[in-house]
Each structure stands twice: as structure tokens, then as C-alpha cells.
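What follows is a single structure, written as C-alpha cells, with notes after it.
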Amino acid sequence: MIPLGPIRRAVVKSAVGAARFRLTGHRAPLAVTLVLTHRCDSSCAACGVPLNPRAELDTSELLALVDHLAVLGTARVNLTGGEPLSRPDVGAIVDRCAEHGMWTVLDTNGHQLPARIAELRRVDRLMVGLHGPQAVHDRVTEPGGFAKAVAGIAAAREAGLRVDTVTQVGKHTLATLDWVLTDAEAHGSRAVFQLVQASGALASKAARRQLGDNDELRRAWRWLLEARLAGRPVGVSEKVLRYLCTWPDYSVPTSVLPHEDLHCMAGQVSCVVESDGGVHSCLPRAGAPAARNLRDDGFDVAFASLRDEACQSCADTPCAEANFLYNLNTPVVLDVARAGVRTIFGGAP
């Protein structure tokens with residue numbers, strides 16, 4: 001079991017930084033998502049990332065960036081892609097984050113974990129896609145994906161790493177939610193659930209077809225809420241599940257108006273650094289403003305140029321979770337405390 005020390009340090013730093021922002025307006029990159037690459041060793045039906053190749057920061061640039069983020073007070077780093085294990089230097093990046101005491105999460109399909117596990121000893125949390133039993137998982141990802149993901153998860157757990165799963169919520173997985181939770185219960189892990197990314201730069205043309213009907217999706221979020229209230233290992237806070245139950249149209253995942261009491265904190269206490277060095281408030285989407293690049297301007301100038309996003313709320317689970325946390329929403333903060341922090345302190349900012 002991972003000691004709670006690093007988690008607590010990250011949460012304290014995040015809480016202090018969020019409170020400072022609310023009191024003084026001081027902006028700092030408390031949570032940073034590093035998109036290491038758009039390359040991937042898989043071709044999931046709903047994902048458009050590998051179809052949009054980009055240049056990549058080299059190892060020295062990434063390590064220097066991590067060093068600088070530590071100076072700026074970054075508490076949490078999420079390493080994602082594409083498939084971050086497509087880069088041979090991912091272990092060095094994980095180690096540098098750990099040296100600075102950053103809470104480090106790595107998103108992966110799990111396929112390369114058996115061969116790369118020794119490089120990831122210092123990662124705090126692995127998030128591995130698992131979308132149901134073989135037939136469903138392979139339909140959502142690609143043929144053979146289930147066997148590779150399960151082998152990767154087993155290798156990571158055998159090595160003593162903290163592994164939680166992340167499952168798309170869409171029409172193909174609606175009947176598998178109980179299966180995913182049963183698997184998590186069997187392994188003492190948490191299962192995070194996220195709406196299919198059906199719009200914007202992250203989606204493929206097929207993604208909308210995987211989304212499903214609004215009423216079906218709302219029933220799925222209500223089922224997950226009831227499961228969490230019953231004590232099952234749903235790695236999404238009660239507040240966010242209730243929030244998702246009331247989202248008006250899941251095919252329109254962002255809103256220019258605050259939904260409930262959520263106010264977007266992207267670009268103020270969190271940001272995304274794309275593989276080519278572009279610094280964004282949030283994960284790139286259609287219509288997003290052009291990003292400054294740290295290669296041209298340095299990270300500080302690029303981050304300072306970020307402004308409030310036009311959208312003020314969204315149906316993306318990790319983003320909603322992070323925004324409630326950084327808004328110091330009392331139910332979510334208490335939910336984190338009761339869950340020992342690790343339940344929901346992960347994923348993209």
C-alpha cells in the first residue's frame with residue numbers, strides 16, 4: 001500500500017494554493033497535465049489523439065520543465081498521451097517528479113506495463129483503461145486489447161504499484177458497470193468512470209456513435225451514485241456523480257454557464273502542456289484559443305497568458321472533480337478526506 005505522506009503533502013499544497021487564489025487572485029500551476037506524446041500502440045475506436053500527430057518536447061526539455069514546476073509549487077502531475085509508455089524516457093520523467101515530491105499519476109492502456117514496470121516504481125498511481133469483459137473492452141478499444149490490459153494490470157499489481165481502472169461511460173459499457181466494480185472489489189482498487197469523449201480534439205469520428213442516449217447515460221450515473229452510496233469502490237465523488245446526473249445533454253459536454261456551483265479553475269490553478277510545448281488551460285478542444293508555446297516564450301509567460309475559459313463547466317469527470325476541489329467545495333473536500341484522498345485525487349486537472 002502506498003504511504004499517505006505524498007498524497008497528504010500534495011493535498012495540503014493544493015488546498016493552500018487554492019485558498020491563496022481565492023483570497024488574493026494569485027495564480028499558480030498546482031496541477032499540471034503533461035501530454036507526453038500523441039503516439040499510441042493502440043487504435044481505440046473513440047480516440048482521435050493518434051490521428052493528430054504533434055511534435056514532442058525532448059527529454060531534457062521535459063525534465064527542465066518538471067524542475068521549474070517544482071519551484072512554482074506544482075503539487076500534482078498527470079502524465080498522459082496518446083500512450084505515454086510510447087516514450088522511452090517516461091521512467092526518467094516519473095523519477096524526476098518523485099524527486100520533487102509531486103503526486104504523479106500515469107494514464108495508460110496497460111499494454112506495455114509488463115515490459116516497463118521497473119521504470120515506474122516511483123509512480124504514485126497508474127490509471128489503466130478497463131471497459132468491461134473481453135467482448136466489450138475489445139469493442140471499445142481494439143481486438144486483443146483486453147488481454148493486454150489485464151496482463152498489464154496484473155504485472156503492475158504484482159510489482160506493488162497502485163492501480164485503479166478507468167472506464168468509459170457510453171452505450172457499449174452501460175451493461176458492464178457492475179462487472180468493472182466487481183473486478184475492483186476483488187483487487188482492492190477503485191474504478192473511475194468517465195463519459196466517452198465525443199467532441200473536440202480528443203474524439204474520433206466514431207466517438208459520438210459510442211456515446212449513447214441521454215436517458216440511458218443519466219440512468220448509468222444514477223446507478224453509479226447508488227453504488228457509491230452502498231459502499232462500492234466508485235472512484236468518483238458523490239458530489240460529482242450527483243452533478244453528472246443533472247447534466248442536460250451529454251452530447252454537448254461543455255457549457256458557457258456555471259453548472260450548479262462549479263466554476264472552472266482551468267488556467268488559474270491548473271493547466272495542460274501539450275506534447276509540442278503548447279500551454280493550454282485545459283485539454284485542447286475545438287474553438288479553443290491559440291496557445292503560447294514554452295519553447296518560444298518560456299512556461300511562465302505562457303501560463304500567465306492563460307485566461308478564463310469560455311466554458312465554465314463540463315461533463316468531464318476528472319475536470320469536474322478537480323474544479324470542485326480547487327473551489328474548496330465542502331462536500332467534495334470532505335469526501336476526499338473520508339476516502340483517504342486516493343479515491344479521487346487523480347486524473348486530469
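The values are calculated or read from the model by the stated rules, or taken from the named source; none is laboratory data. It should be emphasised that the depicted structure is a prediction, and the values quoted were computed from it without experimental measurement. Using ideal geometry, Cβ is built from the backbone for each residue, glycine included, and neighbour counts are taken over all protein chains shown.
All of Leu126, Leu113, Leu62, Leu130 fail the test of being among the aliphatic types (A, V, I, L, M) and either surrounded by fewer than 16 Cβ atoms within 10 Å (Cβ to Cβ) or closer than 23 Å to Leu294 by Cα (or both), apart from Leu62.
Residues that are polar (S, T, N, Q) and not in a loop (DSSP other than H, G, I, E, B) were ranked within the range 237-275; the one that is surrounded by the most Cβ atoms within 10 Å (Cβ to Cβ) is Ser270. The single condition among (1) at pLDDT 95 or above; (2) touching a helix residue (DSSP H, G or I) at 6+ places or on another chain (Cβ under 7 Å); (3) closer than 27 Å to Ser14 by Cβ that Gly82 does not meet is (1). Filtering the range 338-346 for residues that are assigned to a helix (DSSP H, G or I), at pLDDT below 85 and not aromatic (Phe, Trp, Tyr) leaves a non-empty set. The lone criterion from (1) more than 25 Å from Ala10 (Cα to Cα); (2) at pLDDT 95 or above left unmet by Pro50 is number (2). Looking only at the range 119-141, residues that are assigned to a helix (DSSP H, G or I) and either under 29 Å from Lys13 (Cβ atoms) or touching a residue at least 40 places away in the same chain (Cβ under 8 Å) (or both) come to 5 in all.
Residues in the range 298-310 that are surrounded by 21 or more Cβ atoms within 10 Å (Cβ to Cβ), assigned to a loop (DSSP other than H, G, I, E, B) and either touching a residue at least 60 places away in the same chain (Cβ under 8 Å) or of a type in the set (A, V, I, L, M, F, W, C) (or both): Leu306 alone. Taking the numbered list (1) touching a residue at least 60 places away in the same chain (Cβ under 8 Å); (2) closer than 24 Å to Cys319 by Cβ; (3) hydroxyl-bearing (Ser, Thr, Tyr) in turn, Thr74 passes all entries but (1). With the requirement that a residue be assigned to a loop (DSSP other than H, G, I, E, B) and crowded, with 20+ Cβ neighbours inside 10 Å, what does the range 65-88 give you? The answer is Thr74, Ala75, Gly81, Gly82, Glu83, Arg87.
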